[in-house]
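Read-outs: derived from the displayed coordinates by stated rules, not from any lab. Computed from a predicted structure; not experimentally measured. Ideal geometry is used to build each Cβ from the backbone, glycine not excepted, and the neighbour counts take in all protein chains shown.
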Amino acid sequence: MRAHPIVGDSLIALLFGLFDLLLFVADADVPGQRMPPWYITVPLDLAIVLPLVVRRKYPLQMAYAVLVIGVPHSVLQLGAASLMTGAIALYTVVVYARRRQAAIYLVALVLVTAGQFTLPPMEDDVVVIALMTALSLALAWVLGEFVGARRAYHVEVEARLHLLETERDQATRIAVGEERSRIARELHDVVAHAVSVMVVQADGASYAIKSNPALAERAVQTISETGREALGDLRRLLDVLRNEDSDGEPRVPQPDTEALGELAERVRTAGVPVRLELTGELTGLPAGVSLGVYRIVQEALTNTLKHAGPGARAEVRVRQDDDVVEVEVCDDGAGRARQLVPPAVAGPLPGGNGLIGMRERAHVFGGELEVGPQPGGGWRVHATLPVRLAR
């Protein structure tokens, strides 16, 4: 019935039509009862109920068709179908049309019904019939208001559910985009650092392979270890992209401040002396802040390897107060490409993904980043990350 409401409306129309026809047959057998001929009664009985079949699709047209056909049907006293179909028509207009249209139809229905009571022959129980008619119309209006309100509520709920589904899909797409950007930054950090170390070691090995084979061998070993570590990180990242259901596996590589010593040692092996100074309780940092500190230091040392030039030295200082972690990476290199950036850049950063990645890692925790050449020469990266806000 709910899937095909026209079937239920057709059954209602059929029942009313049969009820009127049975009344006609019963009245025809009463002696002395004057009844209209069947070729008038049957078409009017069918005509008064047929509009109910399309009452949901064409509520106003159906209602006024019932009103017009109900006039001769009531005048000829062919049964109660005119009253019942009129009440159903009023209910339908209240539910499926506007209230103003329903009020106009109710006024028209009351006027037509009142006019019928003035036509002869007058019934002895006209007051009872008028009262029943008024009660039927009032009941139809009240039921129409109730059902119409429920129908409007369900429509509003469905619209809100559709809106929530749309917002959920949009939020999912945004989250996927953010996750891809984060993974892209992780890939850049892993690959850029590893490739920089490998290139520097390969250049050193090529120069020392004849004069100092032992040094060349150590450089080749460093290249091998760095490459294997980078491949492991890349495999874990690619597993995240291939398999979204691996809840028990690490989602991305998660180095932290405890791995800064290993990072500094790799850079030293690559040919840049690094002095590492750690102050405060860095082991208790939130995971996101600890990862951000590691990546900022990693990217700063990678830039030192790329641009500082031969003989450069680097200093890494990480200090934690109660609420702030301060990261400072300085070198004394003289790379010409880096002199294009003014000192203490804190706004939009020029350059590639490295500087942008450092800035976003600082800003995501409400921190600040300053990047630029030092007054006395070299390069300085300074970042502050609030710890309390990150929690």
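General remarks:
- For the pair Leu15 and Arg173, the difference between a 0.36 nm per residue extended length and the Cα-Cα distance amounts to 51.4 nm.
- Sorted peptide list for 314-320, 109-115, 372-378, 17-23, criterion being average Cβ within 10 angstrom, highest first: 314-320, 17-23, 109-115, 372-378
- Counting 0.36 nm for each residue step from Tyr207 to Glu281 and taking away their Cα separation leaves a gain of 22.4 nm.
- Ordering 59-65, 152-158, 48-54 by mean Cβ neighbour count within 10 Å, with the highest value first, yields 48-54, 59-65, 152-158.
- Sorting 286-299, 91-104, 129-142 by average packing, meaning the other beta carbons within 10 Å per residue, from highest down gives 286-299, 91-104, 129-142.
- Residues of the range 269-311 with amide N under 11 Å of the 7 Å Cα→Cβ point at Arg218: 269-271
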